[in-house]
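Values in this text are rule-based calculations from the coordinates and carry no lab data. Note that the structure is predicted; figures quoted are calculated from it, not measured. Counting neighbours? That spans all protein chains shown, and the Cβs are built from the backbone with ideal geometry, glycine included.
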Amino acid sequence: MGKVISVVNQKGGVGKTTTAVNFAACLGVMEKKVLLIDMDPQGNATSMSSIQGESFNTIYDLMANPEINAVYPTGLPFLKIIPCNEELTGAEVELLQMDEREFVLKKTLQKYKEKFDYIIIDSPPSLNILTVNNMVASDGIIIPIQCEYFALEGLSRILETTKNIKSLNPDIELYGIVLTMYDKRVKLTYEVENDVREHFGDTVFKTVIPRNVKLSESPSFGMPIVLYDISSIGAQKYLELAQEFLKKMK
């Protein structure tokens, strides 16, 4: 059975979608069968994954009717995606009116766990019912945090939410914390890194994701960094992150 992993952070602008897409893509480059699910109504993971055509079924459609096809190819043979669009915002209201609303995504994804090695979910930048669904459906979470003030404060809120989720999903694990937008020229970067590593130890990935022009450019070309410029430092670091993750999972 494949592992389901949610990439979560209730704060926007921390590299959450960048991490979800590029982490999934790098696992695909390593010939792991990967399904990326865009559960952020902004649809940025969908835009970054080269979905072709104007009309496609989305995760919103799939949760309403699990029998439809909503899995689409990307520019990488081993990476597939279930896209989304702004309609997913309506799912928040609809889910709140349903019985067992926290388990809708988990039930929807059950059949896909047999087909993929990893299912990576890009969560919304908030701790709402969509994020709760993601975490209930997941075996573990990865938390990207930007190297800035209040990083630990935001991290503690996510971890508190994870503890609360254990009443619905007792087996959920913290797979790791990823330091993003790492800038060696800024003293604060080192201070944040030291604080996070001191508090969370080996839970923090050794690999850090630097600020990188190519990494910032790739979304505008609708592709993950390994397709846009695999020689860039951004691509190399996400490949290192995927390798480090796979070693942890052994």
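If you find the alpha carbon centre of the stretch 31-45 and of the stretch 168-222, how far apart are they in angstrom? When both Cα centres are located, 19 Å separates them. For the chain, the 222 nm mean residue ellipticity estimated from helices alone, with every DSSP H stretch of n ≥ 4 adding -39500 (n - 2.57) and the total spread over all residues, rounds to -12000 deg cm²/dmol.
Report the full-extension gain for the segment ARG197 to ARG157: residue separation times 0.36 nm, less the Cα-Cα distance, to one decimal in nm. Don't skip to the end; give the middle numbers.
Numbers: separation 40, 0.36 × 40 = 14.40 nm, distance 1.71 nm.
That pair, ARG197 and ARG157, stretches by 12.7 nm at full extension.
For the stretch 158-171, 3J(HN,Hα) computed residue by residue from phi via the Karplus equation (6.51, -1.76, 1.60; θ = phi - 60°) reads 5, 5, 5, 4, 4, 4, 5, 5, 4, 5, 9, 9, x, 8 Hz, glycine and proline entered as x. Highest average first, the peptides 137-146, 192-201, 9-18, 98-107 ordered by how many other beta carbon atoms sit within 10 Å of their residues are 137-146, 9-18, 98-107, 192-201.
Between LYS250 and GLU173, full extension at 0.36 nm per residue minus the direct alpha carbon distance yields a gain of 26.2 nm.
Dipole check for the stretch 3-249: with +1 at the C-beta of Lys and Arg, -1 at the C-beta of Asp and Glu, and the Cα centre as origin, the magnitude is about 680 Debye. Converting phi to 3J(HN,Hα) with the Karplus coefficients 6.51, -1.76 and 1.60 and the offset θ = phi - 60°, the stretch 205-218 yields 4, 5, 5, 10, 9, x, 5, 8, 4, 4, 5, 6, 6, 4 Hz in sequence order, with x at every glycine or proline. In the structure shown, the pairs LYS33/LYS250; LYS163/LYS237; LYS32/LYS113; LYS113/LYS250 are assessed against 20 Å; a Cα-Cα span above that value is assigned to LYS163/LYS237.
Other residues within the sphere of radius under 11 Å centred on the Cβ of LEU155, judged by their own Cβ, net out at -1 (K and R +1, D and E -1).
Once fully extended, how much extra length lies between VAL186 and PHE150, figured as 0.36 nm per residue of separation less the alpha-carbon to alpha-carbon distance? Intermediate results must be reported in sequence, preceding the final value.
Details: separation 36, 0.36 × 36 = 12.96 nm, distance 1.59 nm.
Length difference between fully extended and current span is 11.4 nm.
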